[in-house]
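J.: Below is a structure I'd like to ask you about.
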Amino acid sequence: MAQYFYKALKNNKEIVSGYIEAENSRDARDRIRDLGFLPTNIYEEAFEDKKLNTDVHNSRIKLSLSDKMSFTSELQTLLSSGISTLEALETISHYSPKPKISLIADDLGKSIKNGLTFSEAMKKYSDVFGQLYVSLCYTGETSGALPRVLNYLLTLLRKQETLKGKFIQMSIYPTILILMMLVMYLFMGGFVFPKLISGLNMDNLPLSVTLLTDSVSFIFQYWWFLLLIICVGLYVVNFVFGLKKLKDLFSDFVMKIPVLDDCVQYFSLVHYMSVMHIAYEAGVPIMTSLEMAAGVIENNVMKKRALYAVQLVRNGSSLSDAYNASELMPKILMPLISTGEKTGKLGQMFRDASLGIEKKLDMAIDALARTFEPALMIIIGLGVGYFVVAFVQMYSSSMSSLINIF
């Protein structure tokens, strides 16, 4: 028999550790359960003093939203079936169809074999999964409810995917119209007008026609230079918006634009309330939950309001009073928050508030989309109008030339 070192939960609260002899890891897990413990980590004693040897460069690994959902779903399913964290990670490492997930699971498994807990091993992937993800994993592991917390995290990731899909869907129509305008511009300036000019043998061209044909000719001739300018411009914009002061100024500016401010506000609150619900249901203290939820907000104005609410609660204010004073929550949700606080059903209140804010976000996105449509129609109308004016001026110029000849 081999000797196994284990960490387990006693009465789902106290973490205990020790050694046990067993034929294999599965037999060791069964023996630990016979002792009345819930095993979390099991590995052979020989692994205890080994140093971690891995080629994983976690700073270079980038996981998409679907990859995070896949990893979370696989891990939650395996842990819910009762197997240990180490065995679950080894299973994912061997059978996951995605190489990056397999690599991360293998590295996490090696870290656990070297004596780290799952949440401790996850800390070096905080840039990959996010600090919130790692913090909730720690909460779930220490409270003995890691499978449930992973299920909450999976719900949060699905909400993020849904919101991302809504914004992509909203941007499809404007993108198609802009591309159509660009194609029309290149076609008219690069083919139609040059053919007409050649057929009419015109020398003195109207300014509108000259601007159109010369600009398209410049694009066709120096496309590589324009592409370079675009790349440099994107880099500069990315660098500028990476500066905190400018990012904060932009956040303040966005919150002053009608319709768009509602989208930003409700988008921030959807993530905020989801985190509050998940953290509170996982047993995280209310102050810690408020701080974690404030950390996921990116807009500067909304983050200041959330942090102000944290300060008010820390100074003794009730949650509803803090939200009301900080103006973080819409007024229509304040009775719901106050009722949930008074009845002690904060978990249900956070969930209901999250659903209400999601509906508000849907309405704000629809309003924004309806605002885009007339704006795009005006832009398209101006473009078509310019082509018409160019045609009329060129026709008038050609007629004048013919009259002068005769």
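The values are calculated or read from the model by the stated rules, or taken from the named source; none is laboratory data. Note that the coordinates shown come from a computational prediction; the quantities given were computed from them, not determined experimentally. Note that we place each Cβ from the backbone using ideal geometry, even for glycine, and neighbour counts take in every protein chain shown.
Matching residues to (1) under 26 Å from the mean Cα position of the chain (by Cα); (2) in contact (Cβ under 8 Å) with a residue 12 or more places away in the chain:
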site	(1), (2)
L361	yes, yes
P374	no, no
I380	no, yes
M394	no, yes
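J.: Tell me the residue from I337, I378 that is assigned to a helix (DSSP H, G or I) and more than 14 Å from M273 (Cα to Cα), please.
T.: Only one candidate qualifies: I378.
J.: Any chance the range 332-351 includes a residue that's buried (at least 19 other Cβ atoms within 10 Å of the Cβ) and either closer than 30 Å to L207 by Cβ or among the small types (G, A, S) (or both)?
T.: Yes, some residue in the range 332-351 is buried (at least 19 other Cβ atoms within 10 Å of the Cβ) and either closer than 30 Å to L207 by Cβ or among the small types (G, A, S) (or both).
J.: Another question, if that's okay. If S80 meets every condition in (1) of a type in the set (S, T, Y); (2) more than 22 Å from R26 (Cα to Cα); (3) surrounded by fewer than 19 Cβ atoms within 10 Å (Cβ to Cβ) apart from one, which number is that one?
T.: Result: S80 fails condition (2) only.
J.: Considering only residues that are of a type in the set (A, V, I, L, M, F, W, C) and under 22 Å from G140 (Cβ atoms), which ones fall in the range 279-317? Even if it seems obvious, please write down each step before you answer.
T.: Within the range 279-317, the first condition is being of a type in the set (A, V, I, L, M, F, W, C), and the residues that meet it are 279, 282, 284, 286-287, 290, 292-294, 296-297, 301-302, 306-307, 309-310, 312-313.
Once the filter is applied, which keeps residues that are of a type in the set (A, V, I, L, M, F, W, C) and under 22 Å from G140 (Cβ atoms), the range 279-317 yields A279, A282, V284, I286, M287, L290, M292, A293, A294, V296.
J.: Here's a follow-up. What is the one condition in (1) assigned to a helix (DSSP H, G or I); (2) surrounded by 13 or more Cβ atoms within 10 Å (Cβ to Cβ); (3) free of Cβ contacts under 8 Å to residues at least 60 places away in the same chain that I172 does not satisfy?
T.: (2)
J.: Here is a further query. Within the range 204-307, which helices (runs of 4 or more DSSP H) (wholly inside it) include 2 or more residues that are β-branched (V, I, T) and farther than 30 Å from L154 by Cβ? Show your work before the answer.
T.: Numbers: elements: 207-221, 223-242, 244-254, 260-281, 286-295.
Once the helices (runs of 4 or more DSSP H) in the range 204-307 are filtered for at least 2 residues that are β-branched (V, I, T) and farther than 30 Å from L154 by Cβ, what remains is 207-221, 223-242.
J.: Go through the range 31-63 and count every residue that is charged (D, E, K, R), exposed (fewer than 11 other Cβ atoms within 10 Å of the Cβ) and at pLDDT 70 or above. First the steps, then the outcome.
T.: So in the range 31-63, the residues charged (D, E, K, R) come out as 31, 33-34, 44-45, 48-51, 55, 60, 62.
After this cut, where a residue has to be exposed (fewer than 11 other Cβ atoms within 10 Å of the Cβ) as well, the list is 34, 49, 51, 55, 60, 62.
From what's left, at pLDDT 70 or above: 34, 62.
Residues in the range 31-63 being charged (D, E, K, R), exposed (fewer than 11 other Cβ atoms within 10 Å of the Cβ) and at pLDDT 70 or above: 2 in total.
J.: Filter the range 202-241 for residues that are among the polar types (S, T, N, Q) and at pLDDT below 85; which is farthest from Y185 (Cα to Cα)?
T.: If we take residues in the range 202-241 being among the polar types (S, T, N, Q) and at pLDDT below 85, then N238 is farthest from Y185 (Cα to Cα).
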